[in-house]
1. When the range A:151-168 is examined, which residues are found to be closer than 20 Å to A:Val102 by Cα and facing chain B (nearest Cβ under 8 Å)?
2. If you go through the range B:67-108 one residue at a time, how many are in contact (Cβ under 8 Å) with a residue 40 or more places away in the chain and more than 10 Å from every other protein chain (Cβ to nearest Cβ)?
3. When the range B:109-126 is examined, which residues are found to be among the hydrophobic types (A, V, I, L, M, F, W, C), more than 7 Å from chain A (Cβ to nearest Cβ), crowded, with 16+ Cβ neighbours inside 10 Å and closer than 14 Å to B:Ser57 by Cβ?
4. Counting only residues that are at pLDDT below 70 and among the acidic types (Asp, Glu), which one in the range A:1-47 is nearest to A:Ser117 (Cα to Cα)?
5. Among the candidates B:Lys110, B:Lys100, single out the residue that is within 16 Å of A:Lys166 (Cβ to Cβ) and of a type in the set (Lys, Arg).
6. Collect the residues in the range B:84-97 that are over 21 Å from A:Asp93 (Cβ atoms) and surrounded by 19 or more Cβ atoms within 10 Å (Cβ to Cβ), keeping them in residue-number order.
7. Given the structure, is A:Gly148 within 14 Å of chain B (Cβ to nearest Cβ), more than 17 Å from B:Lys100 (Cβ to Cβ), in contact with an Asp or Glu (Cβ under 8 Å, 6 or more places away or on another chain) and modelled with pLDDT of 65 or more?
8. Any residue at all in the range A:109-125 that's at pLDDT below 85 and not in a helix (DSSP H, G or I)?
Amino acid sequence: MPEAKKAADDLRGLYAKIEEILKQFREIREEAEGIVENSQMPDAALHLNDVLQHTEEATTTILDAATTIGSLTDNAAVAEQIGRIYEACTFQDISGQRIKKVLKHLNTLEEQLQGLSEAARGATGDAAAKPRAKAAPAATGDAALMNGPALSTEAPSQADVDAMFKNM
Amino acid sequence: MAVNFNMQILIVDDFKTMLKIVDGMLKQLGFKNIDEASDGTMALEKLRSKKYDLVLSDWNMEPMSGFELLKQVRADASLKHIPFVLITAESKTENIIAAKQAGVNNYIVKPFNVNTLKEKLSAVLGAF
């Protein structure tokens, strides 16, 4: 019966396609697992945390020294230079916020790769299927206002901010 | 009216170095009485336990941001009169709009210098 043979051929073709898709899922899973296991991400996070800690320590030392110098003299020229030290040290706050932002992105990327790996494992039937990790929802409300420092090439100046503030 | 350099100031920031910087700059300007808090929750506790004449706060802090602290201060009948200045790296238009609508007295973007701090505080407290 030609219809039965066609149906059987169709089923065989469908089965072959499913096998191919499963094979691709396995490859994706292995690649994702490889990225997570062999990645430099945890290492990068440790290095960044190190940078954060050490720049804070160094900046604290500089500021303590500047404050001590300021307390030893009333000289206006010295006070002006100390002011320049304070201003320069505000970099540490900006850098620290940028590093924290990068660390957050690294953590998110690692979680997403883990989720992808687990979802692919579930799809191939190689282990008990786990629910796919949901993408983090976009921030709303007050949380949407916490973006950290803008890139140096995009950040408005104090004069720009003053103009916005004045015109509201 | 002359600025009272003995006024009680509360500075709020989760970065210790920024607290040192603002403290140092305020002292360079002549202010003497400066307390610190590392986030909005701690700041609110201090504001409710002692009289303050000025708050200088960062925005991005946890568990309570400077923006939430501002809203809490303005919502509290015993605190709402306190001048409040944000010192923050947040510089988008929507941040400034939100802060102004919430009742901030002035807005300083990081990085900044002691002259900018003096100028913005003068706008709030009177020239000094």
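1. A:Ala155
2. Qualifying residue count, the range B:67-108: 2.
3. B:Leu117, B:Leu121
4. A:Glu33
5. B:Lys100
6. Across the range B:84-97, there are no qualifying residues.
7. Taking the combined requirement at face value, the residue satisfies it.
8. Yes, the range A:109-125 contains at least one residue that is at pLDDT below 85 and not in a helix (DSSP H, G or I).
The values are calculated or read from the model by the stated rules, or taken from the named source; none is laboratory data. Worth saying up front: this structure is predicted, and the values here are computed from it rather than measured. All Cβ positions, even for glycine, are placed from backbone atoms using ideal geometry, and neighbour counts span all protein chains on display.
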